[in-house]
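A.B. asks: Below: one structure in structure tokens.
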Amino acid sequence: MTGDRIVYPSHSIRAIVEDVVSREDSQRPPALSDVNVNIDNWEMVTREEIRKVMDEGGVLRRRPRYSLTCRDVERVRNVKSFVGGRR
């Protein structure tokens, strides 16, 4: 695949380059500021630089993510359309 499908995927994953983590109260879990959602299992984080952001708040830069979907299809109609061929 090339072009817009890579930049604008059809599976609704937002193109986010960083997450802002807030930690206003040490008695409450850290939260993602832009969506105001608490981060579950944050206590399990072991990487020191990420753990520091979870403990104190800060910004985490995202790395590339890959999504793979496998389907078991018995019959595929017009296979050429899937691989960019002409009809």
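Bear in mind these aren't lab numbers, they're just calculated from the coordinates by the rules spelled out. Keep in mind the model is a prediction, meaning the values are calculated, not measured.
A.B. asks: Over region 17-63, what is the mean sequence separation of C-alpha contacts under 8 Å (at least six apart), divided by residue count, expressed as relative contact order in percent?
C.D. replies: Normalised by residue count, the contact order of region 17-63 is 49 percent.
A.B. asks: Over the alpha carbons of region 17-63, what is the largest minus smallest coordinate on each principal axis, giving the biggest first in Å?
C.D. replies: Largest first, region 17-63 extends 29, 24, 16 Å along its Cα principal axes.
A.B. asks: Taking 0.36 nm per residue of separation and subtracting the Cα-Cα distance, what length does fully extending residue 28 through residue 68 add?
C.D. replies: Contour length minus the Cα-Cα distance gives 11.0 nm.
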